[in-house]
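The next block holds one structure in the form of structure tokens; read it before the comments.
The values are calculated or read from the model by the stated rules, or taken from the named source; none is laboratory data. Small disclaimer: the values here were computed from a predicted structure and weren't measured. Neighbour counts run over all protein chains shown; Cβ positions are idealised from the backbone, glycine included. SASA here: full protein model, heavy atoms, side chains in, ligands and nucleic acids out. Shrake-Rupley method; radii C 1.70, N 1.55, O 1.52, S 1.80 Å.
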Amino acid sequence: MKVEEKKRIFSGMQPSGMITLGNYLGALKNWTNLQDDYDCLYCIVDMHAITVRQDPVKLRKQARDLLTQYLAVGIDPEKNTIYYQSHVSQHAELGWILNCFTYMGELNRMTQFKDKAAKHADNINAGLYTYPVLMAADILLYQTDLVPVGEDQRQHLEITRDIAGRFNGIYGETFKIPEAYIGKVGARIMSLQEPTKKMSKSDENKNNTILLMDEPAVIMNKVKRAMTDSGSEIRHGEDKPGISNLLNIYCACTGKTIAEAEKEFDGAGYGAFKTAVGEAVVAELEPVQKRVKELEKNKDYLDEVIKNGADKSTEESWIPSCDSLIEKMEMDEVLCILSIFL
Ligand code: ATP
Ligand code: LTN
């Protein structure tokens, strides 16, 4: 396929901590699978990360670690654009414009905002509230076709589509309306100790998460201690959230279907099943961990990827034609302000 015929993908992750098996299975793994067929931009959304308090030194390290992990899972910087959101000022610029096309009523319904506001009650800032609008800008800036994310981001994709549709409705076809790409397996990995809650990298209880960089012994231990359900059957079902979560993890790591896995463990005890799940996770993550350690030694290469990514994404961003977007709005003053940046 010629590059210009390829559809465009945009996705991002916050450098808000060490990434988890949920981030990997729900998003990263799909990103690598899609890179040959699409023209992909994979962003490190550092401006989203500051919607909760961050230590600047730690944030910088986390962003660099995340970039290293993108590369280690096999995202090729020659084929894709990998970059930091804060290096491309157009994200913030379009974010502001889209803020003026988003209703507070819509933002009030966002479940991620409600969850984060409850968790950070001492810092419910405006950025946390308008987080989905910046996310919409990330996506719409590049005329994106497809957005590979985990299930938890479905609502943010819906609001992005609504904002784009509203703008197009007022000023004519301007933004492409993006689709969510949510994988069948691994789209919602749950916490190990509280399997009705999603696995999240900012979880304070370390036993709830498996980190991409956890040592094999730590992974085995966390899986063995994972909460299971009453009864001894290894079966997928709403009444068995703990076992269902482990089955999802097992299938996402091995490529087997749930039915195949249920058959494989028919009559087996929880102990043997958990050992098999732990081993499948270790086998999946070990090569990635090895590659992270190799890449970390190559500081110059990482610096070069960061610099090239910023240049490439600035070129590809669609905002040069933001002039025309502003013209449609007939707001000369805004055009003037924006032309300072362009
Ligand atoms: P935080 O805890 O800081 O909110 P997070 O772990 O929820 O972070 P994000 O950086 O917000 O992760 O999300 C990165 C990507 O990983 C998104 O596409 C998101 O949908 C996906 N993702 C996050 N958690 C899970 C999960 N438990 N299962 C599957 N996908 C997930
Ligand atoms: N909101 C996402 C991270 C994110 C994103 C994006 C994902 C920010 N901008 C654009 C896809 C496309 C999250 O919390 N997981």
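With semi-axes defined as the square roots of five times the eigenvalues of the C-alpha gyration tensor, the equivalent ellipsoid of the stretch 80-153 measures 22, 15, 13 Å, largest first. Principal axis analysis of the Cα atoms in the stretch 148-197 yields extents of 49, 17, 8 Å, listed in decreasing size. Once the convex hull of all Cα atoms in the stretch 1-148 is built, its volume per residue stands at 118 Å³. Sorting VAL52, VAL218, VAL57 on solvent-accessible area from highest to lowest, probe radius 1.4 Å, gives VAL57, VAL218, VAL52. Based on the alpha-carbon gyration tensor of the stretch 210-263 and its eigenvalue square roots a ≥ b ≥ c, which shape applies: rounded if a/c is under 1.5, prolate if not and a/b is larger than b/c, or oblate? Verdict is oblate for the stretch 210-263. Among the GluC sites (Glu not before Pro) within the stretch 175-264, those in coil by DSSP and having at most 11 neighbouring Cβ atoms inside 10 Å are GLU204, GLU238.
How much net charge surrounds PHE113 when only the other residues with a Cβ under 12 Å from the Cβ of PHE113 are counted, with Lys and Arg +1 and Asp and Glu -1? Once all neighbours under 12 Å are counted, the net charge is +2. Compactness of the chain was expressed as the Cα radius of gyration divided by 2.2 N^0.38 Å, which yields 1.04. On the principal axes of its alpha carbon atoms, the stretch 67-215 extends 52, 42, 30 Å, with the longest extent given first. Using a probe of 1.4 angstrom and keeping all protein chains present, the accessible surface of the stretch 122-211 works out to 41 square angstrom per residue. What a 1.4 Å probe finds exposed on the chain is 52% carbon and sulfur by accessible area, rounded to a whole percent.
Solvent-accessible area per residue in the stretch 8-117 equals 39 Å², computed with a 1.4 angstrom probe and all protein chains kept. Under 22 Å of direct C-alpha separation, and excluding same-chain neighbours fewer than eight residues apart, LYS297 reaches these lysines: LYS58, LYS61, LYS307. Using only alpha-carbon positions in the stretch 143-261, the gyration tensor eigenvalues give semi-axes of 36, 16, 13 Å once each is multiplied by 5 and square-rooted (largest first).
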